[in-house]
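J.: Below you will find the structure I want to go over with you.
All of the numbers you see were taken from the coordinates with simple rules; none came from a lab. Please read all numbers here as calculations on a predicted model, not as lab measurements. Note that each Cβ is placed from the backbone with ideal geometry, even for glycine, and that neighbours are counted across all protein chains shown.
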Amino acid sequence: MIAVAAGFGIVTLSMNIVFFEAIARIPLGTAVAIEFLGPVAVATLGSRRARDLLAVALVAIGVILLAGVQLDVEPVGIAFALAAAVLWAGYILVGKRVADAGDGQDSLAVGMAAAAILSAPFVLIPQFAIDATVFADPRTWLLGLGIGILSSAVPYALDQVVLTAVGRARFALLLALLPATASVVGAIALAQRPTVFELAGMALVMLALAISAIPTRQPTPEPPAPL
């Protein structure tokens, strides 16, 4: 199980790195829309009902409307965003296996520690060669700590709780709420009012989740034939 936990941590860290590389080159909305191809693909592959496929189609359209995709972007940024989508799908698959084992929180800690150890030489050595003065700046460590807690420790720990309670496909669809949540937070905290297309996207995502949440009716067993 240690190997699985280490793989989980490496996938998680790699997903974050390539996403940050993507948004450094292309608009945030475009990167988010492309990255959501990962969970949408997982939801499609994990579906066994026709209405789940409909829900996935609605989620895909809603995410595109929310993200506001732009096509005139840097190809390298697109490549990083596609890599983030693949890694996000891997995060869901491996994370579900870790959660089913019953030690999701411990595995998350082991995995993130392993990923940090393995990635440190590839991150620290190039930065030392480019500009070593950043390591003497307290803001580097404070911002790094804040990003680590808010973008990794807290959300991924909560993911393990959710993955234990819901299925892989349902979890992938729940992740599609992130653009809608970001739009609400932006409207309240940053006075960024959503456009008509963004509101339509949120409505489609909510509709998709409602369709997916409808339980499947079990067929009524036929009474035994009379003797």
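J.: Tally Lys and Arg at +1 and Asp and Glu at -1 over the other residues with C-beta under 15 Å from the C-beta of Glu21: what net charge comes out?
T.: Combined, the nearby Lys, Arg, Asp and Glu give -1.
J.: How much net charge surrounds Phe80 when only the other residues with a Cβ under 12 Å from the Cβ of Phe80 are counted, with Lys and Arg +1 and Asp and Glu -1?
T.: Net charge in that neighbourhood comes out at -2.
J.: Set the Förster radius R0 to 30 Å, insert the Cβ-Cβ distance between Met206 and Asp131 as r into 1/(1 + (r/R0)^6), and round the FRET efficiency to 0.05.
T.: Here the calculated transfer efficiency is 0.05.
J.: Rounded to whole Hz and in sequence order, give me ³J(HN,Hα) for segment 148-153 from the Karplus expression 6.51 cos²θ - 1.76 cosθ + 1.60, θ = phi - 60°, writing x for Gly and Pro.
T.: x, 6, 7, 9, 10, 4
J.: Let me ask another. Based on the mean of other beta carbon atoms within 10 Å per residue, what is the order of 81-93, 110-122, 133-145, 30-42, most packed first?
T.: Going by the mean number of other Cβ atoms within 10 Å, highest first, we get 30-42, 81-93, 110-122, 133-145.
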